[in-house]
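Here the structure comes first, spelled out in structure tokens, and everything after it is commentary.
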Amino acid sequence: MIINKGIAIGEVVTIKTTAGEEIVAKLVEENPMSITVAKPLVLTASAKGIALVPFLFTTSPDANITISRATVMVLAPTDKDASDTYIQNTTGIKLA
């Protein structure tokens, strides 16, 4: 039997929006109306494959971003390999 423990604050999550964007970020807060994340990056295609780039280019990279639940199709824990890549990109820490 699989037990879903939910998503914890501080966990790296993946958000799929109604616009089709796939966002990887650290969960700061969630409530019935919105989801607040830190350091959101979005997946994009590059010459070398999939890359993570800033979700918003004109805000501080350290600003928390609040996303309306009306625009969120999926909120899920991020796969370990993708989470490790996200952590390396946002902190410089290389995980084993």
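Nothing in this text is a laboratory measurement; each read-out follows from the coordinates by a stated rule. All values derive from a computational prediction rather than experimental measurement. So basically every Cβ, Gly included, is an ideal-geometry build from the backbone, and we count neighbours across all protein chains shown.
Data table
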{"quantity": "In Hz, Karplus ³J(HN,Hα) per residue of segment 20-36 (6.51, -1.76, 1.60; θ = phi - 60°; x = Gly, Pro)", "calculated": "x, 6, 10, 10, 10, 7, 8, 6, 9, 7, 9, 8, x, 9, 7, 10, 10"}
{"quantity": "Phi to ³J(HN,Hα) by Karplus 6.51 cos²θ - 1.76 cosθ + 1.60 over segment 9-19, Hz, x for Gly, Pro", "calculated": "4, x, 7, 7, 10, 10, 10, 10, 8, 5, 7"}
{"quantity": "Relative contact order, percent, the chain [alpha-carbon distance under 8 Å, six or more residues apart]", "calculated": "28 percent"}
{"quantity": "Phi to ³J(HN,Hα) by Karplus 6.51 cos²θ - 1.76 cosθ + 1.60 over segment 49-60, Hz, x for Gly, Pro", "calculated": "x, 7, 10, 9, 10, x, 5, 10, 8, 9, 10, 5"}
{"quantity": "Debye, to nearest 20: dipole size of the chain, +1 on Lys, Arg Cβ, -1 on Asp, Glu Cβ", "calculated": "80 debye"}
{"quantity": "With 5 Å bins from 0: P(r) over segment 12-91, alpha-carbon pairs, percent", "calculated": "3, 15, 27, 29, 17, 7, 1, 0"}
{"quantity": "Cα-based reach from residue 26 at 22 Å (exclusive), listing lysines while leaving out same-chain residues under 8 positions away", "calculated": "5, 16, 39, 80, 94"}
{"quantity": "Other-chain or far-sequence residues with amide H under 5 Å of residue 55's (modelled H)", "calculated": "41, 42"}
{"quantity": "Exposure proxy ranking, count of Cβ atoms within 10 Å, fewest first, for 84, 79", "calculated": "79, 84"}
